[in-house]
Each structure stands twice: as C-alpha cells, then as structure tokens.
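Below is one structure; the comments refer to it alone.
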Amino acid sequence: MENKKIADLLYPNAKPTSFWEQKYPPRNLPNGAEVTRFAPSPTGYLHIGHFFQSLCDKFIAKSTNGVFYFRVEDTDKKREVADSVDVAIDTLSQFGIEYDEGVLKGGKEKGNYGPYTQSQRLEIYNSFAKYLVEKGKAYPCFCEKPENFAEILEKRSEQLEENETLEEKDVCRNLSFIEIEEKIKQKKPFALRLKSFGNFENIIKFSDVVKGEREIRENQKDIVLIKSNGLPVYAFAHAVDDHLMRTTLVVRGEEWYPSVSSHLELFDALDFKRVKYAHNPVICKLDENGNKRKVSKRKDKEADMRFFVQAGYPSNAILEYLLNLANSNFEIWRKNNPTTPIADFNFSAQKITPSNPMFDFAKLNDISKTIISKMTAEEILSNILLWAEIFDKEIYKILSKDKTYSLKVLNIDRDTPKPRKDIAKYEDVKTVWGYMFDDLFDSDYELEDTNIENMKEVLKEYIKIYEPNDTKDEWFDRIKEMSDKLGYAVDNKLFKQNPQNYKGNVALVCEYIRIAITGKKNSPDLYSICQVLGEQKTIARLMFL
Ligand code: GLU
C-alpha cells in the first residue's frame, strides 16, 4: 500500500504499463526470427566497433527473416554532439546497411514501435518507473551531489565496518511515504534507483550467444534508473525499449558485459522476458610496443567509419572484410561463391568469432583490390568520379576532363583473365595511375641504382626507332633489336666479351624506358601505357634527361 502511494506521488500522471504493452504488441514473426537493433549514442561519429555491431545485427535479422531497427540513445546530453544522428544515418547508408524501422533524417522515422529516439520516450519510461516503485523495486533518491556526497561516503564506511562489504545501497533506500512526501512538497529533485535484492556473493550462470556459458556475480548495486533531470540511464532505457520494441537479441560490445547482472535483475524486476545477449568481440590492433589494444578514436584513423568513405574504399570491401572478422566461414564461402552478392551469405550469430580480432589493413586492402579488379573500367571510373566529386576535386577535374582517355587508362591490363590488383581505394588512383595524367605526374623519378649515362644513351636511341603505330610484337622486336645493338651502352662488360653474339638486356632497356615514361621501375604493360599516352606525350617523356 505504502509503495502504491509513493508511486502515485512520484508519477501521478503516468499511464499504466498495460497501455504501452497494447500499443506495442509482440511481433508476428516466424519461428526463429530475430529482432535486432543498432542503438548508438550520438557522440559525433560512428566507431568501427559500433559499425561492426550494426553489420552483425543486419545480417542476423536478414538470415532469420527477422527485423532490424535503428534507435538513437540520446539520454546522455553531456556527451551529445550535434549532427551525430545524421552522421550515423549517412554512414549506415553509405555502406548499404538498410534498416526496417527507426530514425530517419530530418526528424522523421519509420516503423510501428517508435518513437525510436530515447529522449522522446520519457512518458513511457515514467510508466515503467512507476510500476517498479509500486512493486517496491525502485525508490526515489534525493541525495544531491556534491552536498550529500560526504553523507553517502560516511554511510558506506559504516556499512563496511558493520558488514565488511560495501553494499552500494543508498541512504534514501528506506525513506517512508511521509518523508518522501515532505521532500516532494519542497520540490526536491530526485533520481530513481533500483532497489536491488541481489547478493554479490552469488554467482549466476548466463548464456551469451557469442561467448557461450559465462558466470557472473549477481548485482547488488542500487543503480540509478532515472536521473534527477528526468532522463533514464542506459540500463533502464535498454530494458524498457528492448522489451517494448520486442527485441529478441541484443548484439552489443563486450564493454557492456560487466553490467549484465544489473540488466538481468532489471528485466526480472520489470517482469519482462529476458532478452538474449551476444557480446561482440572488440576490434583491436597492435600498438607500437606490440601490445594488443582496442582501436581508439584518439589514436587510430580507422576508428571513425568516415575514414574509409573519405579514402574511397568501395563499401563492399569494408563489409566483406568485417564479415570475415565476424564469421570465419565467410572467407571459404566467398572463395566458393566469388560473384554472389554478400547479402546471400548465411550469417550466424552463433558463429561470431568470440576472440578479439585484429584490424589488418593489408588484408582489407587485398580484399578491396580484388573487388576493384573485378569492376569494369566504366564502373571504376564512375565510382571514382562519385567519390572524387566530394573528396578530391583535383582528381575529379582531371579524370572527368576526357572520360574516354580516363577509361583507356583504367582499362590497361584490365581486360585479361587476371586483371591487375592495384587500387585498394579510389584515392590510390593518384599514386598508382598518376603518371598517365600530366597534371598528376610525379616527377620524383625512381632513379636509385640507375646508371644515368646508360639510360640517356638508351632513350636517345629509342626516340630514333620509336614507331607509334607498331603492333605489340613489332614494338617488342624493335626493342630487342635495339637492345642487342646497345650492348655497349647497357652491358658493357658482357658485350665486350662477346660482341658478335651478344644478346641484349631487354629487361634493363625496358626499365630505362619505363622510368622515363612513368617515373617508376614497375608498371603495367609498357606498350599499352605508351599507346594510351600517345605519340606526343611518349616522346616528351622520353626526352626528360
Ligand atoms: N547506446 C549504447 C552505445 O552507444 C548502445 C549499447 C547497446 O547496443 O545496447 O554504446
């Protein structure tokens, strides 16, 4: 009776929880369908770990014919950064992570289980807060920090002396109706706390979809559920929202694992069916000292998903790479199904790799190069231009000036059974193909270990015999002939030993020509490069020394 009176006093206008239960009925989904959600806090950017989680959520929902929705957890106003929601929405869309329900741009949303933004759900939280107070499972705490903080500390040290344990129970735990009424009359703000009945000494078993059976200590802390500003904390909003939005599987970072016990207690106190948890591994990397650590926003550019967009990685490359980290059978599946869209991969929550994976740029770049190598020149050019229009105006201008020429460049060594794997991200076009465009040509020639005098000799000779209309065979024969003749210049010693039968060093001759044309010692097919560059440019480049 006393609890009911306190509940009415604290939340006089709250609707009964049955109102919300009816408004958001259980979903009518086939057996085994999982309802998953991605629920970031708007803190300015999308961390790769969060994105990894959204990818798992999306694929789990898809492979079980379930629902995947997007919720905004904006109850920590101190950490909030303007535009974050748009950044998250844009990033999800740039990587093709579509959701069935949730927050859209411009304050809109889709789905029948909204609002999907926590700060718009305060009325709902109040109903469930009232329910807990009525059941004697929550109480108002009027302690004001820092004024009464000393009092709390004192109380705690008394507890320690008496019981040798720190119960983390609040001084307001056992206030009577009269005392509470008095404080409410004085308009004292209060936070709502869970009245925990747990005991830290007890170990509970808990089944994690990713990590299997785990043991954790029971919660005994009277955690805050609603702050004095009326906003819920994560634990409470998580329980209420995931229950009412009919989530079946919460995929979240391992950092949440220590609070599982309080979340379970809360689900039980609210008489909710417990949700299943999949605590995802944390994406790590090696630091300078060889120690494994979490990819961090402060230290690593790859922590922010916008980095991959800005560098021009094709979205599929990132998805494939992360799917590889998430489900180790993805790699074999991809090998056996090289052209199947990734959406057809049968993702499994149970197969999420439990150990923390290492972020490996070499592997990502390899996957990305393979993906780009399979695109047609038209596809690459169109992707590069779409990217460059936003992120690199110079490349955009240069490559869009003469699209026919750009296509010819991108087609070099492409239309073959084993196309070149040279670009991992669209910004690479500058370093990889820059020499095909005068405006991007890097005149920092790779000349170390090069005998400049010999090179001059070769180039002088080559200009004389160069025939722009040669077929590839004719071109090569001409180079061979010239190499035999030029033995004195490129291979003086061997030539002197046997001038009659000397076989020219074609490789070295080609290297000299290649450096002059491209600035580099390695390049795709030299003949094709000269053909695409055309007579004028080729000759101009040959005259560089
Ligand atoms: N808002 C929480 C975060 O940003 C979400 C955790 C969860 O997915 O439950 O980390």
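Go through (1) free of Cβ contacts under 8 Å to residues at least 40 places away in the same chain; (2) farther than 27 Å from Ser406 by Cβ one by one and return the number of the condition Arg514 breaks.
Arg514 satisfies every listed condition except (2).
Please determine, by comparing only the residues of segment 153-178 that are outside any loop (DSSP other than H, G, I, E, B) and either modelled with pLDDT of 95 or more or small (Gly, Ala, Ser) (or both), which one is most open to solvent (accessible area, probe 1.4 Å).
Going residue by residue through segment 153-178, those that are outside any loop (DSSP other than H, G, I, E, B) are 153-163, 171-174, 177-178.
In the following step, the residues that additionally are either modelled with pLDDT of 95 or more or small (Gly, Ala, Ser) (or both) were identified as 157, 177-178.
Values: Ser157: 56, Phe177: 26, Ile178: 118 Å².
Ranking the candidates gives Ile178 first.
Would you mind finding the one in Glu182, Glu213 that is out of contact with any Phe, Trp or Tyr (no Cβ under 9 Å at 6 or more places or on another chain) and either part of a loop (DSSP other than H, G, I, E, B) or open to solvent by 40 Å² or more (accessible area, probe 1.4 Å) (or both)?
Glu182
Checking Lys301 against (1) farther than 17 Å from Asp57 by Cβ; (2) open to solvent by less than 20 Å² (accessible area, probe 1.4 Å); (3) within 18 Å of the chain's Cα centre (by Cα), which single condition isn't satisfied?
Exception for Lys301: condition (2).
Please count how many residues of segment 200-209 are more than 10 Å from Tyr257 (Cβ to Cβ) and either among the aliphatic types (A, V, I, L, M) or in a strand (DSSP E or B) (or both).
Of all residues in segment 200-209, those more than 10 Å from Tyr257 (Cβ to Cβ) come to 200-205, 207, 209.
With either among the aliphatic types (A, V, I, L, M) or in a strand (DSSP E or B) (or both) added as a condition, the list becomes 203-205, 207, 209.
The qualifying residues number 5.
Conditions (1) on the phi > 0 side of the Ramachandran plot; (2) more than 13 Å from the ligand (Cβ to nearest atom); (3) open to solvent by 20 Å² or more (accessible area, probe 1.4 Å), marked per residue:
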{"site": "Leu9", "(1), (2), (3)": "no, yes, yes"}
{"site": "Pro12", "(1), (2), (3)": "no, yes, yes"}
{"site": "Trp20", "(1), (2), (3)": "no, yes, no"}
{"site": "Tyr45", "(1), (2), (3)": "no, no, yes"}
{"site": "Val85", "(1), (2), (3)": "no, no, yes"}
{"site": "Lys110", "(1), (2), (3)": "no, yes, yes"}
{"site": "Gly114", "(1), (2), (3)": "no, yes, no"}
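What number of residues within segment 226-281 are over 15 Å from Asn126 (Cα atoms), part of a loop (DSSP other than H, G, I, E, B) and more than 13 Å from the ligand (Cβ to nearest atom)?
7
Consider only pairs whose beta carbons are under 9 Å apart and that are at least six residues apart or on different chains; among these, list those whose first residue lies in segment 296-322 and is among the polar types (S, T, N, Q) and whose second residue is in a helix (DSSP H, G or I) and open to solvent by less than 40 Å² (accessible area, probe 1.4 Å).
Hits for this filter: Ser296/Ala303; Gln310/Trp387; Ser315/Phe308; Ser315/Val309; Asn316/Ile342; Asn316/Ile367; Asn316/Ser368; Asn316/Ile371.
Take the residues of segment 30-43 that are farther than 30 Å from Lys130 by Cβ and in contact (Cβ under 8 Å) with a residue 24 or more places away in the chain: which is farthest from the ligand (Cβ to nearest atom)? Quick ask: steps written out before the conclusion?
Restricting attention to segment 30-43, the residues satisfying the condition of being farther than 30 Å from Lys130 by Cβ are 30-34, 43.
Going one step further and asking which of them are in contact (Cβ under 8 Å) with a residue 24 or more places away in the chain, we end up with 30, 32-34, 43.
Working: Pro30: 24, Gly32: 22, Ala33: 19, Glu34: 14, Thr43: 7 Å.
Among residues in segment 30-43 that are farther than 30 Å from Lys130 by Cβ and in contact (Cβ under 8 Å) with a residue 24 or more places away in the chain, the one farthest from the ligand (Cβ to nearest atom) is Pro30.
The values are calculated or read from the model by the stated rules, or taken from the named source; none is laboratory data. None of the values given here were measured: they were computed from a predicted structure. Using ideal geometry, Cβ is built from the backbone for each residue, glycine included, and neighbour counts are taken over all protein chains shown. We work out accessible area using only protein heavy atoms, side chains counted, and drop any ligands, DNA or RNA first. Shrake-Rupley method; radii C 1.70, N 1.55, O 1.52, S 1.80 Å.
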